[in-house]
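The values are calculated or read from the model by the stated rules, or taken from the named source; none is laboratory data. The structure presented is a predicted model; accordingly, all values stated were derived computationally and were not measured. Cβ placement follows ideal geometry from the backbone for every residue including glycine, while neighbour counts extend to all protein chains displayed. The area values use the complete protein model at the heavy-atom level, side chains included, leaving out ligands, DNA and RNA. Shrake-Rupley method; radii C 1.70, N 1.55, O 1.52, S 1.80 Å.
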Amino acid sequence: MAMEITQFLLAAQSADANVRNEAEANLRQLQQQNLPVFLLSLSVELANNDKPAESRRLAGIVLKNSLDAKDAITKEALVQQWMSVDISFKSQIKDLVLRTLGSPVPEARHTSAQVIAKIASIEIPQKQWPELIQSLLNNVTQSESHFVVKQATLETLGYVCEEISHEDLVQDEVNAVLTAVVQGMNLAEHSVDVRLAATRALYNALDFAQTNFQNEMERNYIMKMVCETAKAKEVEIRQASFECLVSIASTYYEVLEPYMQTLFELTSNAVKGDEEAVALQAIEFWSSICDEEIELQEFDTPETGDSCPPHSHFIEKAQSSLVPMLLETLLKQEEDQDQDDSIWNISMAGGTCLCLVARTVGNEIIPLVMPFVEANIVMPEWRRREAATYAFCSILEGPTVEKLAPLVQAGLEFLLNAMKDENNHVKDTTAWTLSRIFELLHCPSSGFSVIASPENLQRILAVLLESIKDAPNVAEKVCGAIYYLAQGYEDAGSSSSLLTPYLTSIITELLRTADRTDGADSKLRSSAYETLNEVVRCSNIAETSKIIAELIPAIMSRLSQTLELQIVSTEDREKQGDLQAALCGVLQVIIQKFSSSDDTKSIIRQAADQIMLLFLRVFACRSSTVHEEAMLAIGALAYATGPEFAKYMPEFFQYLQMGLQNSEEYQVCSITVGVVGDICRALDDKILPFCDGIMTLLLTDLSSSQLHRSVKPPIFSCFGDIALAIGEHFEKYVPHALQMMQDAAKACAHLDVDDEELMDYGNQLRRSIFEAYSGILQGFKNAKAEVMMPYAQHLLQFIELVFRDRQRDESVTKAAVAVMGDLADALGPNTKILFNDCSFCAEFLGECLQSDDEQLKETAGWTQGMIGRVMVS
């Protein structure tokens with residue numbers, strides 16, 4: 001029996017916080033006391049046309065939120081909660097929300113459509129609610145159904161298709177859904193609202209239409225209806241139709257050939273003369289075609305023996321008309337688009353598509369674009385100069401270096417002069433173009449750079465270091481140009497010395513830029529510090545150690561100043577956290593740079609006490625952003641100082657514990673796990689006094705259903721680091737740690753291989769389990785190796801399971817082969833019988849020895865030697 005909850009729902013929306021809080025508490029109490037009755041009461045409220053619109057709206061929202069959540073763990077709990085509700089209650093709720101599709105109130109219909117889809121997402125995969133699809137189809141196809149019901153039902157079908165997998169419906173149901181939806185798009189028979197709902201529903205149903213798109217007659221009918229609605233009088237319907245075409249372009253590329261002439265005319269007309277919302281989708285159609293063809297070109301390599309999907313070369317065939325159309329879009333800039341990177345308009349979409357066309361057709365785009373560039377680059381109107389610069393930038397990736405080099409070298413001086421253009425848009429795009437040139441065409445280590453001489457470099461840096469003082473949006477793009485300019489000199493041999501004379505000036509200007517207060521947000525400061533990091537990272541350490549050493553006190557001073565900032569609001573706290581994170585990031589890069597050479601490690605060791613003291617003060621701020629960056633920097637410091645890091649552990653350990661317990665901000669937890677590994681490698685057995693606390697927290701994390709799964713693989717790898725550091729002292733952790741590893745190994749076998757994300761996770765998990773075994777086996781190698789004997793057979797069974805999986809990742813293969821060698825090496829003759837019974841080992845090693853990967857071959861050779869030694873013992 002439903003409860004009367006109208007007053008609670010209305011009070012929960014009161015402007016009076018006390019009234020609102022009390023009502024929310026009452027609703028929570030009702031939910032906890034009797035969930036089925038609470039859900040039914042919400043459904044009754046939503047379905048009742050006599051109730052106030054406000055209470056119905058909130059009832060629908062609460063009902064929807066009781067069925068779904070963004071967080072995977074919460075979502076699973078809600079699914080189980082719904083499944084446990086008695087069937088009589090569920091039936092009543094479902095009847096009520098279906099009935100609400102006929103409500104005269106649009107918001108109630110819309111919310112009930114969403115609720116139905118959420119219930120369907122839980123029940124249809126479980127083969128429950130089998131009558132839903134037919135019930136919805138009846139609403140659409142019965143002539144006596146009111147147009148309001150048809151519209152709401154088509155919206156519901158769209159949401160249901162969005163929520164479930166195409167495998168959840170049988171083909172007859174798919175056919176019926178597509179027929180109902182496509183017929184709903186018919187101009188002659190239906191109202192505007194019904195046609196719009198049908199077109200949007202088709203967009204969500206397209207994934208279900210694989211079989212139908214293979215049938216020429218059905219495909220022709222669907223394409224005919226989509227192309228007709230793309231010419232509808234109503235903008236929203238045209239936009240929805242073009243969204244369908246974008247989806248069709250990526251999902252059914254291989255069957256598009258017969259329709260391409262029509263589609264070119266449709267998209268061309270839309271780009272040239274339709275409303276922006278429609279034109280954007282028309283451009284997106286061609287971007288999707290480019291994406292497909294770029295992927296096909298990458299797939300179509302002689303090395304792969306696979307048969308290639310058909311490549312129709314649509315872009316190549318259309319380029320002579322398509323490229324001029326896209327070039328015209330570049331002239332439709334908005335006045336303030338240089339100030340806001342989130343703006344998406346015709347010129348941005350056209351430029352993005354032009355970049356993709358260049359990647360698709362390569363050299364062929366140059367003669368199509370360069371006349372536009374040359375004609376407009378010197379025009380008095382800023383829009384033309386900016387469009388020409390954007391067009392030039394758009395073709396920098398795709399054509400060969402041989403074709404681009406002369407163009408870029410000829411235009412470089414012109415671009416440098418354009419950094420003094422009177423128009424901000426032009427300077428912004430020019431700086432971005434220089435950034436792309438340095439990213440794509442400046443790589444001295446490979447023997448080519450558009451910066452042909454030291455004199456050119458001097459000129460470039462003079463312009464950049466002057467332009468970095470320009471407006472914030474221009475300065476940010478200049479930071480990008482300096483970033484890629486520096487990156488090009490990484491590992492460039494003698495060429496890396498070319499940047500050394502300018503390093504002090506670059507660092508000075510970047511620090512000055514980071515201190516600027518005229519940026520509307522902290523984006524410029526972030527760019528300046530990211531660029532500073534890259535300049536330090538790519539510098540020639542033998543020549544620049546003194547300059548970079550002087551940077552340490554400068555950054556520490558800035559970090560120290562952040563601790564004195566007056567914090568009066570959440571915004572102040574966020575700004576402080578972001579600034580501290582950036583500065584800790586710079587210190588981390590400096591520490592890593594000096595640690596990379598024995599000649600410079602002493603510089604960090606001398607400053608280590610002061611640096612660590614500062615990091616500990618930063619931790620006291622308890623800001624999670626800072627926590628991450630400071631933790632990473634401490635990991636680098638541990639590597640740099642080695643065993644000397646032990647003196648910091650008593651005070652630092654509390655923060656290490658806090659990081660390992662931070663399951664809510666799982667990235668912090670994951671980084672902290674990585675730092676535990678860094679510290680183990682630095683301290684070896686000096687970590688021992690802290691191991692009980694660390695292992696307890698790591699085992700607790702592994703047992704937690706609240707912790708994000710991505711943290712679990714690093715924890716297993718960390719077991720290996722700890723075992724390597726403390727050797728035989730790891731014995732007391734073996735029963736618990738190995739049980740966790742065996743349970744995780746079993747779980748790997750049950751992961752859904754069709755889910756790409758889960759497959760990646762499975763590979764990470766398997767690799768980390770092998771890394772844990774390797775570390776533990778090596779740790780026990782010189783003492784108490786017999787402790788691992790009871791686990792040897794399970795390990796070999798797990799390796800065999802992985803060997804039989806043809807979808808395994810190469811890193812998993814390497815870890816599996818390595819751990820086989822570690823098993824033989826650590827346990828010696830005790831494993832002879834086990835290896836004798838393992839027929840797969842020889843086959844696995846044989847496969848690896850045939851690999852093109854030299855590292856894998858080397859590991860397999862070592863493992864073969866270890867096993868061979870055991871077999872002859």
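Only helices (runs of 4 or more DSSP H) whose full extent lies in the stretch 1-85 are considered here, and the ones with at least 1 residues that are among the acidic types (Asp, Glu) are 17-33, 35-47, 53-65, 72-83.
Looking at the stretch 679-753, the helices (runs of 4 or more DSSP H) lying wholly inside it that each contain 3 or more residues that are farther than 21 Å from Gln793 by Cβ sit at 691-703, 712-726.
Kindly indicate the residue of the stretch 174-230 that is under 32 Å from the mean Cα position of the chain (by Cα), open to solvent by 40 Å² or more (accessible area, probe 1.4 Å) and hydroxyl-bearing (Ser, Thr, Tyr) and also nearest to Ala117 (Cα to Cα) among those meeting that condition. Filtering the stretch 174-230 for residues that are under 32 Å from the mean Cα position of the chain (by Cα), open to solvent by 40 Å² or more (accessible area, probe 1.4 Å) and hydroxyl-bearing (Ser, Thr, Tyr), the one nearest to Ala117 (Cα to Cα) comes out as Tyr203. Within the stretch 54-72, residues that are aliphatic (A, V, I, L, M) have Cβ atoms under 7 Å from residues that are surrounded by fewer than 18 Cβ atoms within 10 Å (Cβ to Cβ) and not in a helix (DSSP H, G or I) in these pairs: Leu58/Gln13, counting only partners at least 6 apart in sequence or on another chain. Restricting attention to the stretch 338-380, the residues that are open to solvent by less than 50 Å² (accessible area, probe 1.4 Å), in a helix (DSSP H, G or I) and either more than 23 Å from Glu284 (Cα to Cα) or touching a strand residue (DSSP E or B) at 6+ places or on another chain (Cβ under 8 Å) (or both) total 3.
When the stretch 559-591 is filtered for residues that are assigned to a helix (DSSP H, G or I) and among the aliphatic types (A, V, I, L, M), the ones remaining, listed by number, are Leu559, Leu579, Ala581, Ala582, Leu583, Val586, Leu587, Val589, Ile590, Ile591.
Every condition in (1) under 23 Å from Asp701 (Cβ atoms); (2) more than 33 Å from the chain's Cα centre (by Cα) holds for Asp760 except the one numbered (2). Here Gly720 meets each of (1) of a type in the set (Gly, Ala, Ser); (2) touching a residue at least 24 places away in the same chain (Cβ under 8 Å); (3) farther than 29 Å from Pro650 by Cα with one exception, condition (3).
Within the stretch 398-425, residues that are among the acidic types (Asp, Glu) sit with their Cβ atoms under 6 Å from residues that are in a helix (DSSP H, G or I) and modelled with pLDDT of 90 or more, at 6+ positions apart or across chains, in these pairs: Asp421/Lys427. Among the residues of the stretch 63-78, which ones are surrounded by fewer than 19 Cβ atoms within 10 Å (Cβ to Cβ) and either touching a Ser or Thr at 6+ places or on another chain (Cβ under 6 Å) or of a type in the set (A, V, I, L, M) (or both)? Correct list: Ala69, Ala72, Ile73, Ala77, Leu78. In the stretch 498-512, the residues that are in contact (Cβ under 8 Å) with a residue 24 or more places away in the chain form Cβ pairs under 7 Å with partners that are of a type in the set (D, E, K, R) and surrounded by 14 or more Cβ atoms within 10 Å (Cβ to Cβ), at six or more places apart or across chains, as follows: Thr500/Glu543. Just so you know, in the stretch 1-22 the residues that are under 22 Å from Val37 (Cα atoms) and over 41 Å from the mean Cα position of the chain (by Cα) include one that is modelled with the lowest pLDDT, and it is Met1. Taking every residue in the stretch 351-362 that is over 14 Å from Val271 (Cβ atoms) and in contact (Cβ under 8 Å) with a residue 60 or more places away in the chain and pairing it with any residue that is among the hydrophobic types (A, V, I, L, M, F, W, C) and open to solvent by 10 Å² or more (accessible area, probe 1.4 Å), at least 6 positions away or on another chain, the pairs with Cβ-Cβ distances below 6 Å are Arg359/Ile294; Thr360/Ile294. The residues in the stretch 396-439 that are of a type in the set (Phe, Trp, Tyr) and open to solvent by less than 10 Å² (accessible area, probe 1.4 Å) can be counted, and the count is 1. The residue of the stretch 297-315 that is modelled with the lowest pLDDT, among those that are assigned to a helix (DSSP H, G or I), open to solvent by less than 90 Å² (accessible area, probe 1.4 Å) and within 12 Å of Thr360 (Cα to Cα), is Gln297.
Conditions (1) open to solvent by 30 Å² or more (accessible area, probe 1.4 Å); (2) farther than 30 Å from Asp336 by Cα, marked per residue:
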position	(1), (2)
Ala486	no, yes
Ser505	yes, yes
Leu510	no, no
Ser526	yes, no
Cys538	no, yes
Thr544	no, yes
Leu551	no, yes
Arg558	yes, yes
Gln566	yes, yes
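A Cβ distance below 7 Å, combined with a sequence gap of six or more or placement on separate chains, defines the contacts here; from the stretch 261-278, residues that are open to solvent by less than 70 Å² (accessible area, probe 1.4 Å) reach residues that are of a type in the set (Gly, Ala, Ser) and not in a helix (DSSP H, G or I) in the pairs Leu266/Ala230.
For beta carbons closer than 9 Å, sequence separation of 6+ or different chains, a first residue in the stretch 592-607 that is part of a helix (DSSP H, G or I) and a second that is acidic (Asp, Glu), the qualifying pairs are Arg605/Glu644.
Every residue, every condition in (1) open to solvent by less than 30 Å² (accessible area, probe 1.4 Å); (2) at pLDDT 95 or above, yes or no:
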| position | (1), (2) |
| --- | --- |
| Ala633 | yes, yes |
| Ala636 | yes, yes |
| Tyr648 | yes, yes |
| Tyr655 | yes, no |
| Gln661 | no, no |
| Glu665 | no, no |
| Val668 | yes, no |
| Cys680 | yes, yes |
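Evaluation of Leu849 against the conditions (1) touching a Gly at 6+ places or on another chain (Cβ under 8 Å); (2) open to solvent by less than 10 Å² (accessible area, probe 1.4 Å); (3) of a type in the set (A, V, I, L, M, F, W, C) shows that the sole unmet condition is (2).
Only one of the numbered conditions (1) under 30 Å from Leu296 (Cα atoms); (2) open to solvent by 10 Å² or more (accessible area, probe 1.4 Å) is violated by Arg383, and that is (1). Of note, Glu455 satisfies the criterion of being more than 21 Å from Leu587 (Cα to Cα), open to solvent by 10 Å² or more (accessible area, probe 1.4 Å) and of a type in the set (Asp, Glu).
Conditions tested, residue by residue: (1) of a type outside the set (A, V, I, L, M, F, W, C); (2) at pLDDT below 95; (3) outside any helix (DSSP H, G or I).
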{"residue": "Thr179", "(1), (2), (3)": "yes, yes, no"}
{"residue": "Val194", "(1), (2), (3)": "no, yes, no"}
{"residue": "Ala201", "(1), (2), (3)": "no, yes, no"}
{"residue": "Asp207", "(1), (2), (3)": "yes, yes, no"}
{"residue": "Tyr221", "(1), (2), (3)": "yes, yes, no"}
{"residue": "Glu243", "(1), (2), (3)": "yes, no, no"}
{"residue": "Ser250", "(1), (2), (3)": "yes, yes, no"}
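Lys857 passes every criterion in (1) buried (at least 19 other Cβ atoms within 10 Å of the Cβ); (2) over 24 Å from Gln739 (Cα atoms); (3) among the basic types (Lys, Arg) apart from (1).
Just one of the listed residues (Gln7, Gln13, Gln32) is open to solvent by 60 Å² or more (accessible area, probe 1.4 Å) and either closer than 18 Å to Ser84 by Cα or small (Gly, Ala, Ser) (or both), namely Gln32. Of all residues in the stretch 90-134, those that are surrounded by 14 or more Cβ atoms within 10 Å (Cβ to Cβ), touching a residue at least 12 places away in the same chain (Cβ under 8 Å) and polar (S, T, N, Q) total 7.
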